[in-house]
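The block underneath contains the structure these notes are about, expressed in structure tokens.
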Amino acid sequence: MITIKNKYRLNYIFNLIFKENFKKKLSFNWKNFSLRHEIINKIIEKKNFKTYLEIGCYKDDNFKRINIDYKVGVDPVSGGTIRLKSDDFFRKNKENFDIIFVDGLHHYHQVKKDIENSVKILNKGGVVLVHDCLPSRIRDQMVPRSHENWNGDVWKSIVELRTKKNFDVYTCMADEGIGIVLNRDNKNILKINCNNFKKLKFKDYYYNFSEFMNIINEDELFKIV
Ligand SMILES: C[S@@+](CC[C@H](N)C(=O)[O-])C[C@H]1O[C@@H](n2cnc3c(N)ncnc32)[C@H](O)[C@@H]1O
């Protein structure tokens, strides 16, 4: 029987041979930054938000630490309050939320859909946050997944949104990169010559991540939300 570790090893080799091989890595020292639940709770407090949705909950490490009047967690496997895939949840859901944390399947197309569906059910002045936007190494962002600590290619969906007129998008330097999507005019549109964002390379991200992702620090985050 093939173990998960061996599956990841095979995927790693497949990715290197058929997709991209690039050795440089970024050194983000996440231990020096706040954790996702700390940032989410601070936003909730600052904005006096009442309702929270989390897409992808796993062991509720984040979900259980969110302090708010009402929270819903969606995951097809474990954690949260609703056992569904995000697409099925959004199809059935009739509620709106003040703050939504997208942390489900870390594939570009799925993240893009999860963000777009989240924005549709966001209350006025609400915030969508996206986890795992800043991979350090090529293997952390490979699809198919090839490593235990995996960010996936979430970053590509953020780069694409950065080019849209109607979303204001940032990435906070904290906890593997926290994307911030605000439903308002884009204050800093990314100009990039790309018509298929899935095909962006880690090398492009490595050399341009600050501009691509619109990097901000925590203090700046609390000024923009
Ligand atoms: C990285 S974990 C979530 C971690 C959690 N948010 C936290 O901060 O501790 C990703 C979760 O997404 C779930 N997931 C996978 N595909 C999904 C989908 N299509 N819709 C919603 N959740 C999904 C997985 O079952 C897994 O539990």
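A few comments on the model shown:
- Among the residues here, residue 31 does not qualify as surrounded by fewer than 19 Cβ atoms within 10 Å (Cβ to Cβ), over 20 Å from the mean Cα position of the chain (by Cα), at pLDDT 95 or above and away from the ligand (no atom under 16 Å from the Cβ).
- Residue match in region 61-68 (condition: loosely packed, with under 15 Cβ neighbours inside 10 Å, of a type in the set (Asp, Glu), more than 22 Å from residue 205 (Cβ to Cβ) and touching a helix residue (DSSP H, G or I) at 6+ places or on another chain (Cβ under 9 Å)): yes
- Looking across 225, 127, one residue alone is closer than 26 Å to residue 29 by Cα and crowded, with 24+ Cβ neighbours inside 10 Å. It is 127.
- Just one of the listed residues (39, 44, 55, 66) is in contact with an Asp or Glu (Cβ under 6 Å, 6 or more places away or on another chain), hydrophobic (A, V, I, L, M, F, W, C) and either within 9 Å of the ligand (Cβ to nearest atom) or closer than 25 Å to residue 220 by Cα (or both), namely 55.
- Residue that is farthest from the ligand (Cβ to nearest atom) [pool: residues in region 91-112 that are in contact with an Asp or Glu (Cβ under 9 Å, 6 or more places away or on another chain) and more than 23 Å from residue 225 (Cβ to Cβ)]: 108
- Every residue from region 118-157 that is of a type in the set (Lys, Arg) and in a loop (DSSP other than H, G, I, E, B): 137, 145
- Enumeration of residues in region 37-51 that are touching a helix residue (DSSP H, G or I) at 6+ places or on another chain (Cβ under 9 Å) and either surrounded by 15 or more Cβ atoms within 10 Å (Cβ to Cβ) or in a helix (DSSP H, G or I) (or both): 37, 38, 39, 40, 41, 42, 43, 46, 49
- Residues that are surrounded by 15 or more Cβ atoms within 10 Å (Cβ to Cβ) and either part of a loop (DSSP other than H, G, I, E, B) or basic (Lys, Arg) (or both) within region 168-188 comprise 173, 174, 175, 176, 177, 183, 186, listed in sequence order.
- Pick from region 130-167, criterion charged (D, E, K, R) and away from the ligand (no atom under 16 Å from the Cβ), ranking: surrounded by the most Cβ atoms within 10 Å (Cβ to Cβ): 156
- Residue 115, sole failed condition from (1) more than 9 Å from the ligand (Cβ to nearest atom); (2) assigned to a loop (DSSP other than H, G, I, E, B); (3) not hydroxyl-bearing (Ser, Thr, Tyr): (2)
The values are calculated or read from the model by the stated rules, or taken from the named source; none is laboratory data. Since we're looking at a predicted model, the values are computed, not measured. Ideal geometry is used to build each Cβ from the backbone, glycine not excepted, and the neighbour counts take in all protein chains shown.
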